[in-house]
Each structure stands twice: as C-alpha cells, then as structure tokens.
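A.B. asks: Before anything else, here's the structure in question.
The values are calculated or read from the model by the stated rules, or taken from the named source; none is laboratory data. Just so it is clear, the model here is predicted, and its values are computed rather than measured. Note: ideal-geometry Cβ built from the backbone for every residue, glycine included; neighbour counts use all protein chains shown.
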Amino acid sequence: MTEQPQQNHIRCKTILEVLGKPKEHIEKKIKEYITGIRDDSDLIILNESFADPKQQGELWSTFAELEIVVKGIPKLVAFCFDYMPSSIDIIKPDEIIFKSKDVSNMVNDMQARLHGVDMEVKKLNVENDFLKRNMKASFKNSIAVLLKMKDMDDDELSNFTGIPKEEIGVIIEELVKNNKIKKEENKYKLIA
C-alpha cells in the first residue's frame, strides 16, 4: 500500500533573518526570500509575519516568521541549506519514521551540499589571499612612489595613501625591515 503524499508533509514554524545595509536592501532581500519560497512547489506558506527592521551598530536586521508545510524531510533539509533559517520548529507530525535508504540519500545529499560549500569557501579564501597580497604590494609601491618625490612622516603617508596611520605602520615596518626605506629625523626616506 502506497502512502498518501500529505502523510509525508511536515508542518513547521521557521524564522528567516537578514542582516546588512542599507535598511532598504534588507527589506527587499527578506521579501525576495519569501517570494522564492512561494515559487517553490514543495513549500507552502500558511502564515507569514515580518518584523520591522532594527539598527544594530552600522547594520540593519529584520526577520520573517513563517508557518510552512514542507513536502518531506529531504525537502526540509534542502530548505535549510537554501534559506538558512535561524530556527525550525516542527509542529506536525509528532513522529517521523525513516527508511534507511531515505536516510542514506538525505545524508549523501547533505554531504554533497557541504562539499560544495567547502569548495566555495576554499575558492574565496584563495581569491582573498590573492587580493590581500596584491593590495599590500600596491600600498608598498604607492609608499615608494611617494617617498621618491619627497621624504614623509607617518601622517603624510597616511593622508596621501588613504590608509589609517595605525594600519600603514605595519606596511612601513615591513619596508624598513626589508631595507626598502629608512627613518631619519621622524621622516621616511626611500633607499636607492
């Protein structure tokens, strides 16, 4: 005997949060998330409520609370990966029974998604390291060009490069250590 599809359905409450700026962006983004859920035939929204955006330091946050029906545990897991809710509270059914094959498929799908996320994080780390190295080289070159024009102190180098004085100090120390520049009477000078 085949189970009816609604017996596999899961009714739950969930909260989706968005943090960012400006305020208008997070208001738009939370609505886009809800539209994406509405467009998914495996998800049914029964109730929804939106919180007013609140400022948290420089950022804004908002959330939506939804009561949804999800067509099965695998889709609930996919929903969690796709929308990253901050919480899920299963209302019905009270008990869920799995076949080992279904659990294996679900775990393998979860592992595939996690490996995909891991690959993206590694890719972003490589790109980030590349950008940091090139940005640092660019700052070093800017300092060298500035010091070729005239000797300057920390404040002048900070003003011309746009790098805060505390942060430019690290780059200056490295240039001094590598004998690219030297300090004479509170000013830095390029070593020819």
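A.B. asks: For the condition part of a helix (DSSP H, G or I) and within 30 Å of ILE68 (Cβ to Cβ), what is the one hit in ASN105, ASN125, ASN134?
C.D. replies: ASN105
A.B. asks: Would you check which residues across segment 21-43 are closer than 21 Å to ILE68 by Cβ, in a helix (DSSP H, G or I) and over 18 Å from the mean Cα position of the chain (by Cα) and list them?
C.D. replies: Correct list: LYS31, ILE34, THR35, GLY36, ILE37, ARG38, ASP39.
A.B. asks: Where residues in segment 56-84 are polar (S, T, N, Q) and modelled with pLDDT of 90 or more, which of them is nearest to the chain's Cα centre (by Cα)?
C.D. replies: SER61
A.B. asks: Out of all the residues in segment 59-79, is one or more part of a loop (DSSP other than H, G, I, E, B) and either more than 30 Å from ASN108 (Cα to Cα) or among the hydrophobic types (A, V, I, L, M, F, W, C) (or both)?
C.D. replies: no
A.B. asks: Could you give me the residue pairs with C-beta distances under 8 Å whose first residue belongs to segment 36-65 and is under 22 Å from LYS23 (Cβ atoms), whose second residue is acidic (Asp, Glu) and surrounded by fewer than 11 Cβ atoms within 10 Å (Cβ to Cβ) wherever it lies, and which are 6+ apart or on separate chains?
C.D. replies: Listed by first residue and then by second, the contacts come to THR62/ASP52.
A.B. asks: I'm trying to understand the selection: among the residues of segment 161-174, which are in contact with a helix residue (DSSP H, G or I) (Cβ under 6 Å, 6 or more places away or on another chain) and buried (at least 16 other Cβ atoms within 10 Å of the Cβ)?
C.D. replies: Within segment 161-174, THR161, ILE168, ILE171 qualify.
Okay, residues lined up against (1) over 30 Å from LYS75 (Cβ atoms); (2) touching a strand residue (DSSP E or B) at 6+ places or on another chain (Cβ under 9 Å); (3) not assigned by TED's automatic domain parsing to the domain that holds ILE73:
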{"residue": "ALA112", "(1), (2), (3)": "no, no, yes"}
{"residue": "MET119", "(1), (2), (3)": "no, no, yes"}
{"residue": "MET135", "(1), (2), (3)": "yes, no, yes"}
{"residue": "ALA144", "(1), (2), (3)": "yes, yes, yes"}
{"residue": "ASP154", "(1), (2), (3)": "yes, yes, yes"}
{"residue": "GLY169", "(1), (2), (3)": "yes, no, yes"}
{"residue": "GLU174", "(1), (2), (3)": "yes, no, yes"}
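A.B. asks: When only residues in segment 76-92 that are of a type in the set (D, E, K, R) and touching a residue at least 60 places away in the same chain (Cβ under 8 Å) count, which is farthest from ASP102 (Cα to Cα)?
C.D. replies: ASP89
A.B. asks: Out of ILE26, ILE10, I need the residue that is surrounded by 15 or more Cβ atoms within 10 Å (Cβ to Cβ), in contact (Cβ under 8 Å) with a residue 40 or more places away in the chain and out of contact with any Asp or Glu (no Cβ under 6 Å at 6 or more places or on another chain). Which one?
C.D. replies: So the residue among ILE26, ILE10 that is surrounded by 15 or more Cβ atoms within 10 Å (Cβ to Cβ), in contact (Cβ under 8 Å) with a residue 40 or more places away in the chain and out of contact with any Asp or Glu (no Cβ under 6 Å at 6 or more places or on another chain) is ILE10.
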